[in-house]
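The structure under discussion appears below in the form of structure tokens.
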Amino acid sequence: MLGNFIIPAGQLDELRKELEGVVEQKMVPVNLLSGSSTEDLKATADLVKKNTQSTIAITAIETTIAPSTKIKIPKELMELRLPLYLEVPLAESSRNSFSEIARLGLRAKIRTGGVTRDAFPTAENVVRFLSSCIEFRIPFKATAGLHHPINGSFPLTYAPHSELAPMYGHLNLMLATACLLLGGNRDESREILLESNRRSFQFSDVGVSWKDVFLPLDLLSKIRTELFLSFGSCSFIEPANEASQF
């Protein structure tokens, strides 16, 4: 279940030192978070090239892009042939960004939460992102705020008496994507994304049902391998424990 560690590119050496003597003959998969400037991206490419004879396997690069700007990826980074995820601004003007991402053969990333209420995008913006990824056939990942499988109101941080806020569930996100891919409209997908009653989802050996919508297992499997590739969470225990309840 646990995938890659996500760390800022500048902390690569720090992680390597922490792993010395801890990891025995096993490569730790890591995604590097890079700054978005050309200089930052070139520096990240250089770090990857220097990561030889290491316990760390750099498997992807993640960065951000500004809205309505032409995407410029330095050749040094493209030549690495690593998956490159671009965090897309969730705005109407980002349509051109999706077109560019598809043209360059890159991947998209959506931030679905954070430690403040305003870090959570609207359901409409999330569905627009999903719809664009499907339209342009762009694989994507989601990150932040996805500790739980089903929507609910949860603490924003692990601090005592932390403020509660509505959070998206990673299962909701997966099924909302499947609904769109199956031909459902954005309103249906939005309802699935916002569903907080886990009993509304019925699971069987052949798929998942929600109201009158049936999402076949083969479609869900295809989405996980070709479209919605992963989700990130700063917690491993919560997603693992709550997944066992289904």
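Restricting region 151-170 to residues that are without any contact (Cβ under 8 Å) to a residue 60 or more places away in the chain and within 25 Å of LYS222 (Cβ to Cβ) leaves a set whose member that is farthest from the chain's Cα centre (by Cα) is ASN151. In region 128-144, the residue that is surrounded by the most Cβ atoms within 10 Å (Cβ to Cβ) out of those that are more than 12 Å from SER230 (Cα to Cα) and hydroxyl-bearing (Ser, Thr, Tyr) is SER132.
Okay, residues lined up against (1) closer than 20 Å to GLY35 by Cβ; (2) in contact with a Leu (Cβ under 6 Å, 6 or more places away or on another chain):
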| site | (1), (2) |
| --- | --- |
| THR55 | no, yes |
| PRO83 | yes, no |
| GLY114 | yes, no |
| ARG137 | no, no |
| LEU146 | no, no |
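Checking each residue in region 93-137 for being part of a helix (DSSP H, G or I), in contact with a strand residue (DSSP E or B) (Cβ under 9 Å, 6 or more places away or on another chain) and touching a residue at least 60 places away in the same chain (Cβ under 8 Å) picks out VAL126, CYS133.
Here THR44 fulfils each of the conditions (1) polar (S, T, N, Q); (2) surrounded by fewer than 17 Cβ atoms within 10 Å (Cβ to Cβ); (3) out of contact with any Phe, Trp or Tyr (no Cβ under 9 Å at 6 or more places or on another chain) apart from (2).
Considered as a group, the residues in region 116-169 that are hydroxyl-bearing (Ser, Thr, Tyr) and in contact with a Gly (Cβ under 9 Å, 6 or more places away or on another chain) include one that is modelled with the highest pLDDT, and that residue is TYR168.
For region 183-211, a residue qualifies if it is free of Cβ contacts under 8 Å to residues at least 24 places away in the same chain, in a helix (DSSP H, G or I) and either surrounded by 11 or more Cβ atoms within 10 Å (Cβ to Cβ) or of a type in the set (Asp, Glu) (or both), and the qualifying residues are ASP187, GLU191, ILE192, SER200. Against the test of being part of a helix (DSSP H, G or I) and aliphatic (A, V, I, L, M), the options LEU41, LEU90, LEU82 yield a single qualifying residue, LEU41. Once region 62-119 is narrowed to residues that are of a type in the set (Asp, Glu) and in contact with a Ser or Thr (Cβ under 8 Å, 6 or more places away or on another chain), the residue that is nearest to GLY145 (Cα to Cα) is GLU87.
All of (1) surrounded by 13 or more Cβ atoms within 10 Å (Cβ to Cβ); (2) assigned to a helix (DSSP H, G or I); (3) at pLDDT 95 or above hold for PHE214 with one exception: (2).
The values are calculated or read from the model by the stated rules, or taken from the named source; none is laboratory data. Note that the structure is predicted; figures quoted are calculated from it, not measured. As a convention, Cβ positions derive from the backbone with ideal geometry for all residues, glycine included, and neighbour counts pool all protein chains shown.
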